[in-house]
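Okay, so here's the structure we're looking at.
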Amino acid sequence: MVPITKYKPEWLEQLKQRAQIDMPKQRETARQIVQDVRMHGDEALFSYTLRFDGAQLNAQNVRVTQQEIRKAYEQIPNTLLMALEASAKRIRDFHSRQTSNSWMEMDEGCLVGQIVRPIDRVGIYVPGGRAVYPSSVLMNLLPAVVAQVPSIVITTPPDAHGNINPMILVAASLAGCEEIYKAGGAQAIAALAYGTASIPKVDKITGPGNIYVNLAKREVFGQVGIDMFAGPSEILIIADETADPVYVAADMLSQAEHDPLAAAMVLTDCEKLAKEVQVELERQLEALPRQ
């Protein structure tokens, strides 16, 4: 086996830099944003949206309209719409089989079990700054729909024109949520946790995001529930000579695209596979808009 350092020694240096990121500084930034939105509500939310996303929003246009959702359906190809519909059906079917019913009759007609009630209001964060993830919409939204959560809202960052990617809007609509707000980053997490004049507070926040989103979720945990700290992405693929280099490379790229701090690695005892994966990575990168 030939050590990977023979091929790309700078890769190891990049991983070291990633491990040594100035977390205290970024944590303080996230904390300041959260506290600012907590104290100043919409004023801070819109200010950070302009600063980070370049979008000029206000209380009248921060929520996605029905017209925007209808327009989104017209903007995506029919093949993509069919793919989203198929994915939504499969995800819904899967979670429908997870619902709990523990009630049973014991001796002498004694009925025992657990009452399972949905959370009143859930907020779902959907990344959208660097790439678009309709899959995040479906995988976070549909479990809440199946659980019959009465109120579900989505926040996702807008582009500089104040628009949301049509794939996100269509995925949300297909899954049954049309209360969508144009807000991203730590400021969106703070708005969901504490509420503003435009975005009512929720009881739990789910969804992945960049390091600031995750640090903000850490800040508000306790004020609201959270799912987990999802991101920046890391993937380590352990592969032997039977692995398909096309699939290995695709799995690496699917995670690497999430964030500049994402790390995608392969561990293998097969030098031939390692070289094939390197070739395949370059080939697949040629077709990706976010090389």
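The values are calculated or read from the model by the stated rules, or taken from the named source; none is laboratory data. A quick note: this is a predicted structure, and the numbers were derived from the prediction, not measured. Please note: Cβ atoms are built from the backbone with ideal geometry, for glycine as well, and neighbour counts cover all protein chains shown. Keep in mind that these areas ignore ligands, DNA and RNA; they rest on the heavy atoms of the full protein, side chains included. Shrake-Rupley method; radii C 1.70, N 1.55, O 1.52, S 1.80 Å.
Points to keep in mind about this one:
- Region 92-144: C-alpha gyration tensor shape, a/c 1.5 cut-off, then a/b vs b/c: prolate
- Taken along its principal axes, the alpha carbon cloud of region 50-201 reaches lengths of 67, 39, 25 Å, longest axis first.
- Global form of region 151-268, assessed from the alpha-carbon gyration tensor, a/c cut-off 1.5: prolate
- Ellipticity estimate at 222 nm from DSSP helix runs (n ≥ 4, -39,500 (n - 2.57)) divided over the chain, nearest 500: -15000 deg cm²/dmol
- Per-residue packing, averaged as other Cβ atoms within 10 Å, sorts the ranges 165-172, 101-108 into the order 165-172, 101-108, beginning with the highest.
- Karplus (6.51, -1.76, 1.60) ³J(HN,Hα), θ = phi - 60°, over region 162-172, in Hz, Gly and Pro reported as x: x, 9, 10, 4, x, 5, 5, 5, 5, 4, 5
- Taking every C-alpha pair closer than 8 Å and separated by at least 6 residues, the mean separation divided by the residue count of region 190-233 gives a relative contact order of 39 percent.
- In order along region 42-49, the phi-based Karplus estimate (6.51 cos²θ - 1.76 cosθ + 1.60, θ = phi - 60°) of 3J(HN,Hα) comes to 4, 4, 6, 4, 6, 5, 5, 5 Hz; Gly and Pro are listed as x.
- Amide H to amide H distances under 5 Å link ILE226 with ILE205, where only residues 5 or more positions off or on other chains count and H is placed in the peptide plane.
- Mean Cβ neighbour count within 10 Å, used as a protection proxy, ranking 249-259, 23-33, 185-195 highest first: 185-195, 249-259, 23-33
- Among ILE115, GLN56, THR156 the positive-end extreme of the charge dipole of region 52-186 (Cβ point charges): GLN56
- Most mobile listed residue (PRO245, PRO127, PRO143) in the chain, GNM with C-alpha springs under 10 Å: PRO245
- A dipole drawn for the chain from +1 and -1 charges on Cβ atoms has a positive end, and of LEU12, ILE237, VAL137 the residue lying farthest that way is VAL137.
- Charge dipole magnitude, Cβ of K and R +1, D and E -1 - the chain, Cα centre, debye nearest 20: 720 debye
- Note: relative contact order over region 236-291, using C-alpha pairs below 8 Å and six or more positions apart, is 44 percent.
- Rolling a 1.4 angstrom probe over the protein heavy atoms with all chains in place gives the chain an accessible area of 57 Å² per residue.
- Under the combined filter of DSSP loop state and at most 11 neighbouring Cβ atoms within 10 Å, region 207-287 retains none of its trypsin sites (Lys or Arg not before Pro).
- Restricting attention to the chain, close to 15% of DSSP beta bridges with both partner residues there are antiparallel.
- Our summary gives the chain a relative contact order of 20 percent, counting only alpha carbon pairs under 8 angstrom and 6 or more residues apart.
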